[in-house]
There are 2 protein chains.
Amino acid sequence: MKVVTTIDEVRQQVKSWRKNGATIGLVPTMGYLHEGHQSLMAAAKQDNQKVIVTIFVNPMQFGPKEDLASYPRDLERDKNACQQMGVDLIFCPSASEMYDANFNSYVNVNGLTDALCGKKRPGHFKGVCTVVTKLFNITQPDRAYFGQKDAQQLAVIQRMVSDLNIDIEIIGCPIVRESDGLAKSSRNSYLSQHERLAAICLYQSIECAQQMIQTGEKSVQTILTAMKNIINAQPLAKIDYIEFVDYATLTAVDRLNQDSLCALAVYIGKTRLIDNFIYHH
Amino acid sequence: MKVVTTIDEVRQQVKSWRKNGATIGLVPTMGYLHEGHQSLMAAAKQDNQKVIVTIFVNPMQFGPKEDLASYPRDLERDKNACQQMGVDLIFCPSASEMYDANFNSYVNVNGLTDALCGKKRPGHFKGVCTVVTKLFNITQPDRAYFGQKDAQQLAVIQRMVSDLNIDIEIIGCPIVRESDGLAKSSRNSYLSQHERLAAICLYQSIECAQQMIQTGEKSVQTILTAMKNIINAQPLAKIDYIEFVDYATLTAVDRLNQDSLCALAVYIGKTRLIDNFIYHH
């Protein structure tokens, strides 16, 4: 496994692989890798002859009051996690390697970014789209793997790839959870022991919603009220948003008459966690 | 020479060329081809084994009051012009092939687009950057050729390619002029006989500026006054802008102490023409 920090080194490696006709899978990450990331690597490994993992905490996708400075980093641990999964190349650039002093180009998706996290984190998806475009152009993969946990991100990237005719297959992979249901996230490392216990309320509210749906409930209002009750019962939790949106357009829905995404963001103490499930009509 | 209208056909052709190791040059145009475009094709032909010309009047880069509907089109003539230059593939898609109903992704360069045409044509360069990104992703060329006549466009695209790590060499080609100095442009076809004679004032003002510079003039104010006097003496002409800007940043300069771009846009009747020259310090 190679670990490189410059764009030129990646290009050189990719060109030599391409010359030999190898297919390439990309797993873009912000590092502090967990089993969720590793499931993406496993999928990439299965579909492609070479796997690239990028590790870059992208400043552009963090708001001025967000957790860029404290975002967890541990490159040595990440290297081991990649090695274990048979990754071929890690690209872990510095911010200045990715953004030179005159940097001034941006990729953005409108519409889909108006809802959910896009509404709560202005500029976030512009940062995501821009860095993902850059990573795509640097690594030129056949396929790229993203977690369904960041459901809006996945939808936005799929829209961007389709709109801009990017010749890469985007593959969404299922959420990986802890044994008690908490979705795996690098940000879980922020949680104190008490907060960790409280954080299960996200998944509990999802389980409750899924049970209501299974017994025939169609009213989004009714389901949301039950979900909010579960989360609000937890003193350490504060809801940022819970919404049901149309899966294709991410616009709000009133009744479950179509494929829908139920997405939630909840503060547990100072840590903002997200989770979601998809309702297939 | 092949002429295709769908993205799939281009991809298929490009993939087959790539398999055989051919290099590819791209000349993106809005059609109504003239000797300026043909000089780009000649350069592309010289540097690459295969040449693609795209012909697409991109609605996204026209303002609501601009000349999208009347922009000159003549595909049969364009085919001949390409054939004559040994072009291998023409891609002339419909607007719906390029932009589906849910299209919502945009590429933009800030800063460089604040000046000159960017100030006068809001949204224009966002349209240019978006369509050029799409054409790059569809045709995946080694090199792409743009005219220096659209100097700001060339600067913006070079910035975009560098910022987004697009693996394509951008080549700017010199302005091609009529025998009386008028820069070749598809929009010259709008000019009546009287307007065509009046249109020479753009180049006359450039010649005047170049002579003043040659004899040691450094004050932008003094040069601009002389240029404006020449154009204002022409009753059919109305200045949209004349500016000297730093060649790297496109910000205004007062004195010629650095590589600079002198760019002008002038209405001749209802037709907006642009021209420019570069001052090398």
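The values are calculated or read from the model by the stated rules, or taken from the named source; none is laboratory data. Note that the structure is predicted; figures quoted are calculated from it, not measured. So basically every Cβ, Gly included, is an ideal-geometry build from the backbone, and we count neighbours across all protein chains shown.
Pairing each residue of segment A:248-269 that is surrounded by 13 or more Cβ atoms within 10 Å (Cβ to Cβ) with any residue that is assigned to a strand (DSSP E or B) and small (Gly, Ala, Ser), provided the two are 6+ apart or on different chains, yields C-beta distances under 6 Å for A:Val253/A:Ser260; A:Val266/A:Ala237; A:Ile268/A:Ala237.
Regarding segment A:216-223, can at least one residue be identified that is in contact with a strand residue (DSSP E or B) (Cβ under 7 Å, 6 or more places away or on another chain), surrounded by 14 or more Cβ atoms within 10 Å (Cβ to Cβ) and not assigned by TED's automatic domain parsing to the domain that holds A:Ala42? Within segment A:216-223, one or more residues are in contact with a strand residue (DSSP E or B) (Cβ under 7 Å, 6 or more places away or on another chain), surrounded by 14 or more Cβ atoms within 10 Å (Cβ to Cβ) and not assigned by TED's automatic domain parsing to the domain that holds A:Ala42.
Taken as a whole, segment A:29-39 holds no residue that is modelled with pLDDT under 95 and more than 13 Å from A:Asp78 (Cα to Cα).
For segment A:92-101, does any single residue satisfy the condition of being within 13 Å of chain B (Cβ to nearest Cβ), more than 18 Å from the chain's Cα centre (by Cα) and of a type in the set (A, V, I, L, M, F, W, C)? Checked against the condition, which is being within 13 Å of chain B (Cβ to nearest Cβ), more than 18 Å from the chain's Cα centre (by Cα) and of a type in the set (A, V, I, L, M, F, W, C), segment A:92-101 yields at least one hit.
With respect to A:Ala115, is the statement that it is farther than 30 Å from B:Ala248 by Cα, in contact with a Leu (Cβ under 6 Å, 6 or more places away or on another chain), modelled with pLDDT under 95 and not β-branched (Val, Ile, Thr) true? Spell out how you get there, then give the answer.
Values: farther than 30 Å from B:Ala248 by Cα: yes; in contact with a Leu (Cβ under 6 Å, 6 or more places away or on another chain): yes; modelled with pLDDT under 95: yes; not β-branched (Val, Ile, Thr): yes.
Yes, satisfied.
Yes/no per residue for (1) more than 22 Å from A:Asn165 (Cβ to Cβ); (2) in contact with a Pro (Cβ under 9 Å, 6 or more places away or on another chain); (3) more than 14 Å from chain A (Cβ to nearest Cβ):
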| residue | (1), (2), (3) |
| --- | --- |
| B:Met1 | yes, no, yes |
| B:Thr6 | no, yes, no |
| B:Arg18 | no, no, no |
| B:Asp67 | yes, no, yes |
| B:Arg73 | yes, no, yes |
| B:Gly86 | yes, no, yes |
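Only residues that are at positive phi and not assigned by TED's automatic domain parsing to the domain that holds A:Val27 were counted in segment A:150-184, giving 1.
Each residue in segment B:147-165 was checked for being part of a loop (DSSP other than H, G, I, E, B) and facing another protein chain (nearest Cβ under 10 Å), and 2 pass. If you go through segment A:41-51 and keep only what is of a type in the set (A, V, I, L, M) and surrounded by 19 or more Cβ atoms within 10 Å (Cβ to Cβ), you end up with A:Met41, A:Ala43, A:Ala44, A:Val51. Within segment A:121-146, the set of residues being away from chain B (no Cβ under 13 Å) and in a helix (DSSP H, G or I) comprises A:His124, A:Gly127.
In the list A:Thr54, A:Thr29, A:Thr113, which residue meets the criterion of being crowded, with 19+ Cβ neighbours inside 10 Å, more than 14 Å from every other protein chain (Cβ to nearest Cβ) and among the hydroxyl-bearing types (Ser, Thr, Tyr)? Before you say what the answer is, go through the steps one by one.
Working: A:Thr54 fails: more than 14 Å from every other protein chain (Cβ to nearest Cβ); A:Thr113 fails: more than 14 Å from every other protein chain (Cβ to nearest Cβ).
None of the other options fit; the residue is A:Thr29.
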